[in-house]
Amino acid sequence: MVQPLKASFPVAVVITSMITAVTITTTQASEFSGYIGGEERFFFEDPLSPVQHNSYLSAVAEPEYFHAWDDGTQNLDVKLFYRVDQYDDQRTHGDIRELSWTGVFDNWEVRAGISKVFWGVAETQHLVDIVNQTDLVENLDGEDKLGQPMLRASTERDWGTLNFFILPGFRERTFPGAEGRPRPNVVIDTDLDAIYDFSEGQDHIDLAARYSHYIGEWEFGLSLFSGTGREPTDFSPVAVTPDGEPVVVPVYSLINQVGFDGQAFFGDWTWKLEAINTEARSGAKKGINSFQTVGGFEYTLIGITDGGMDLGFVVEYHYSDKRIYENTIFDNDFATALRFVLNDAQSTEILAGFTTDADTQSVGSFIEASRRLGDSWTLEAQVRTFHGAKEDRPLYSFRFDDFAQIDLNYHF
Amino acid sequence: MNHTKSVLLISALLLTPLLAFAETDEEKGLAIAVEADKRDTGFEDFTANMVMELRNKQGDVSTRTIRLKTLEVIGDGDKSMSIFNKPADVKGTAFLTFSHAIKPDEQWLYLPALKRVKRINSKNKSGPFMGSEFAYEDLASQELEKYTYKYLRDEMLNGVDCFVMERYPAYEHSGYTKQLAWVNKDRYVAEKIEFYDRKNDLLKTLVNSDYQQYLGQYWRAAEMTMKNHQTGKSTILKWEDYKFKNGLKDKDFSRNSLQRAR
């Protein structure tokens, strides 16, 4: 099901900019690219719910059209996304990842339309990255994002980079459907209306700003966000499935969030820190402040083989006081990983490691590997396992959900 | 006879002051590098397209196409941007590098799928550039301060009269102990460079060929072949569409412009 875009303002902006694109045609570069692919996700054990399955096939397409003119100072970017899943009707979904016009005026860059930005430095969790909603059905790592309607102004000066955002049209997080896997032992129904515990609901216009700069080997960013929190602050039960599973809808609240991210290089060491303070401005948690952080290092051994392979050690610690997001998985956890970068013609990379909860000793492990096949194909494989979560912890519902996944994509 | 002798004697006497300036091989080496640097100064900026062919020992070829922009920075390393067009899965991936002679570079990688601009720990300039036999430091701008120099001898290389000199990297994390360069005496450009690894073994040989002159001054090799003697792999760079003095500015080498580059 295509996630509906309810805000009409950004669509108007985009249509206007598309007309501009057509009328001012001093054509510079125009190109069509993207990928199509197939995916198999296989589970090693039988599911908790009788409606779930052991093997899921899916197909994906992400075509992109990019057109630049005026010496590259203006461009139009359109990127569409669609996935069809064998069983999960929520993972079968489409999205406009990008439908934006960008223009450069002296020292300012302006972007209008649906787009995406990335903030932050950490590898195993993205705390400060709040502008775009997470497309959680795509991948558990939270790195896939939904296109966000935005008006963005950006300036890059000697004293740093400033970004201002007006964000109309809130996007709801995607969650696996009843047949989807892995998922919590409740069904989060995103076809029903989500609850907004403030009056404007989905029409609330969010604001954000970010300042970032670097001095030598130090790099840092400060970000502010005021608007609808991307992560639900609660889930409200609405029904029960025929199999006795609760059906819930997400509750979204207004928040103010201040974020810091910093990175420093010392020889072969890269140190990273992200921290956020979130203040709930509506609903049951109104007035509550919550602190979350992730920080750690990556140490890289350079060229350890004749072929020039690099081996990186990644260690990151996660903390949350859980005062707003009570079910957060990363509350007192360590993530440890080895990163193998082969530096070969096929761009082979492997990231393998585990996350450990310091309170419950539950362990999750992961292997992510990718390489190119020939000139146009890529193969990605991942394995994720979940062990030892206590009954009262969210990962307990993933205890039979160890899986392996293979993605084969053709790029054009 | 006598006449010839006296001419030789006078010539020798006249040349003595010149010889006194270039008396050591180190000074002569530096003088060659200074002249080469002088002749390549003032290009302001250039853009070019590069086709990179990677060959393994079995002869399998994989190809990348990359667009390059470079801004000359007087008194420091140049600023450059390289934008990948092929293979298709890395299309739009781009590097922004502010290179420095003896400090680590500042380098950012733009990953279009994540829309992420990632600062890279660029202490290591010796790593392979996109799986090729070229290291980042091989492709970076050639600043005078990057090496100390020593002139060895004159030698003909494929009919070209060359200075042969050694260059010792000044950057402490360079992948090389030394480079042996054959510098064209007429054009002051490298015809061939041998790279010696940290164990001082011959690692790679670069052969530059098909030099073209631009704006009546700047020589650029249209083809560069790097052979790795230890792995048997090689990489050929083919340069096309060199354009100089495009009026590029600092702001064309910003992190915002990195995201717009295609």
Which GluC sites (Glu not before Pro) does the range A:324-412 hold that lie in a coil by DSSP with at most 13 other beta carbons within 10 Å? A:Glu326, A:Glu391
Most exposed first by the Cβ proxy, i.e. fewest other Cβ within 10 Å, how do A:Glu138, A:Glu274, B:Glu223 rank? B:Glu223, A:Glu138, A:Glu274
Relative contact order, percent, the range A:9-411 [alpha-carbon distance under 8 Å, six or more residues apart]: 12 percent
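All other residues with a Cβ under 9 Å from the Cβ of B:Thr205 taken together, and with Lys, Arg as +1 and Asp, Glu as -1, what is their net charge? Provide the component values of the computation, followed by the final result.
Values: positive: B:Lys192, B:Lys204, B:Lys227; negative: B:Glu194.
Here the charged neighbours net out to +2.
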For the range A:9-411, rounded, prolate or oblate, judged on the Cα gyration tensor with a ≥ b ≥ c (square roots of eigenvalues), a/c < 1.5 rounded, else prolate if a/b > b/c? rounded
Gyration tensor (alpha-carbon) shape descriptor, the protein assembly as shown, a/c threshold 1.5: prolate
About its Cα centre, what dipole magnitude does the range A:122-232 give when the only charges are +1 on Lys and Arg Cβ and -1 on Asp and Glu Cβ, stated in debye to the nearest 20? 200 debye
Farthest toward positive dipole pole in the protein assembly as shown [+1 Lys/Arg, -1 Asp/Glu at C-beta], among A:Ala352, A:Phe44, B:Ile193: B:Ile193
Summed residue charge, Cβ within 14 Å of A:Ile166's Cβ, Lys/Arg positive, Asp/Glu negative: +1
Rank B:Ser99, B:Ala221, B:Leu152 by how far each Cα sits towards the positive end of the charge dipole of the range B:37-260 (+1 on Lys, Arg Cβ; -1 on Asp, Glu Cβ) and give me just the farthest. B:Ser99
Rounded to the nearest 20 debye, dipole of the range B:48-96 from Cβ charges on Lys, Arg, Asp, Glu: 200 debye
Distance check, please: which entries in B:Lys115/B:Lys199; A:Lys322/B:Lys91; A:Lys145/B:Lys118; B:Lys69/B:Lys115 exceed 29 angstrom between their Cα atoms? B:Lys115/B:Lys199; A:Lys322/B:Lys91
5 angstrom amide H check on A:Leu373, placed H, neighbours 5+ away: A:Thr378, A:Leu379
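With charges set only on the Cβ (+1 for Lys and Arg, -1 for Asp and Glu), what does the dipole of chain A come to about its Cα centre, in debye to the nearest 20?
760 debye
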Could you point to the residue in B:Val51, B:Thr70, B:Thr41 farthest towards the positive end of the range B:28-100's charge dipole, with +1 and -1 charges on the Cβ of Lys/Arg and Asp/Glu respectively? B:Val51
Using Cα pairs closer than 8 Å and at least 6 residues apart in sequence, work out the relative contact order for the range A:212-264, in percent. 45 percent
Would you mind checking the pairs B:Lys150/B:Lys227; B:Lys123/B:Lys185; A:Lys79/B:Lys245; B:Lys79/B:Lys204; B:Lys28/B:Lys57; B:Lys125/B:Lys243 and listing those with alpha carbons more than 32 angstrom apart? B:Lys123/B:Lys185; A:Lys79/B:Lys245; B:Lys28/B:Lys57
Over the range B:37-260, relative contact order from alpha-carbon pairs under 8 Å, at least 6 apart, %: 21 percent
How much length is gained if the chain between B:Glu145 and B:Glu27 is pulled fully straight, taking 0.36 nm per residue apart and subtracting their Cα-Cα distance, in nm to one decimal? 41.1 nm
Rounded to the nearest 500, what is chain B's calculated 222 nm mean residue ellipticity when only DSSP H runs of at least 4 contribute -39500 (n - 2.57) each, over all residues? -5000 deg cm²/dmol
Residue-ordered couplings for the range A:177-182, obtained by feeding phi - 60° into the Karplus form 6.51 cos²θ - 1.76 cosθ + 1.60 and rounding to whole Hz (Gly and Pro as x), are x, 4, 7, x, 7, x
Within the set of other residues whose C-beta is less than 14 Å from the C-beta of B:Met156, count the net charge using Lys and Arg as +1 and Asp and Glu as -1. -2
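For a Förster distance of 56 Å, can you work out the FRET efficiency between the beta-carbons of B:Leu180 and A:Val383, rounded to the nearest 0.05?
Computed FRET efficiency for B:Leu180 and A:Val383 comes out at 0.70.
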To the nearest 10 degrees, the tilt of helix B:25-39 (Cα long axis) against the first principal axis of the alpha carbons of chain B is 60 degrees
If A:Trp101, A:Trp271 are placed from fewest to most neighbouring beta carbons inside 10 Å, the sequence is A:Trp271, A:Trp101
Can you list residues from other chains, or at least 5 along the same chain, whose modelled amide H is less than 5 Å from the amide H of A:Ile188? A:Val248
Is it possible to state the helix-based mean residue ellipticity at 222 nm for chain A, with each DSSP H run of 4+ residues giving -39500 (n - 2.57), the sum divided by total residues, to the nearest 500 deg cm²/dmol? What is it? -1000 deg cm²/dmol
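Read the figures in this text as sums done on the coordinates, not as results from a lab. This is a predicted model, so every value here is computed, not measured. Neighbour counts run over all protein chains shown; Cβ positions are idealised from the backbone, glycine included.
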